[in-house]
């Protein structure tokens with residue numbers, strides 16, 4: 001597989017992962033259970049997503065320690081995972097779960113923005 005094909009796989013998995021998270025979040029919001037037959041699918045997609053991300057970084061020689069946008073994306077990914085866990089599993093009340101879901105979706109939007117712009121801050125932002 002060449003770099004561009006792997007990048008396309010990564011982008012496709014990112015879109016699938018975000019869609020599955022949104023669907024799981026919508027089910028949680030409505031108080032519905034996530035279908036048992038689909039429970040393994042997000043884990044499979046996320047595994048391919050992570051493997052493709054690591055491979056892309058290695059192939060391109062990029063490191064989160066040397067590329068600020070990649071470090072920001074990785075940090076935001078960890079925040080997204082924690083918020084998603086609270087939203088879908090660990091939140092004790094509906095209010096906490098819903099707030100975590102909205103925060104996770106905002107974090108996801110930031111991750112996509114960083115991935116597209118290759119900038120840790122939105123264009124025009126001054127540090």
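Of all residues in the range 60-78, those that are touching a residue at least 40 places away in the same chain (Cβ under 8 Å) have Cβ atoms under 8 Å from Cβ atoms of residues that are outside any loop (DSSP other than H, G, I, E, B), 6 or more apart or on another chain, in 60/3; 69/114; 69/117; 72/114; 73/111; 73/114; 73/115. Scanning the range 82-93 for residues that are surrounded by fewer than 16 Cβ atoms within 10 Å (Cβ to Cβ), under 19 Å from residue 27 (Cβ atoms) and within 15 Å of the chain's Cα centre (by Cα) returns a single hit, 85. Of all the numbered requirements in (1) closer than 19 Å to residue 108 by Cα; (2) without any contact (Cβ under 8 Å) to a residue 24 or more places away in the chain, residue 57 misses one, and that requirement is (1).
Of the residues making up the range 1-21, those that are touching a residue at least 12 places away in the same chain (Cβ under 8 Å) and within 11 Å of the chain's Cα centre (by Cα) number 7. Taking the range 110-127 as the range and being touching a residue at least 12 places away in the same chain (Cβ under 8 Å), assigned to a helix (DSSP H, G or I) and farther than 15 Å from residue 21 by Cβ as the test, the residues that pass are 114, 115, 117. Scanning the range 28-38 for residues that are out of contact with any strand residue (DSSP E or B) (no Cβ under 6 Å at 6 or more places or on another chain), at pLDDT below 95 and under 20 Å from residue 12 (Cβ atoms) turns up at least one hit.
The values are calculated or read from the model by the stated rules, or taken from the named source; none is laboratory data. Please read these numbers as outputs of a predicted model, since none were measured by experiment. Note that each Cβ is placed from the backbone with ideal geometry, even for glycine, and that neighbours are counted across all protein chains shown.
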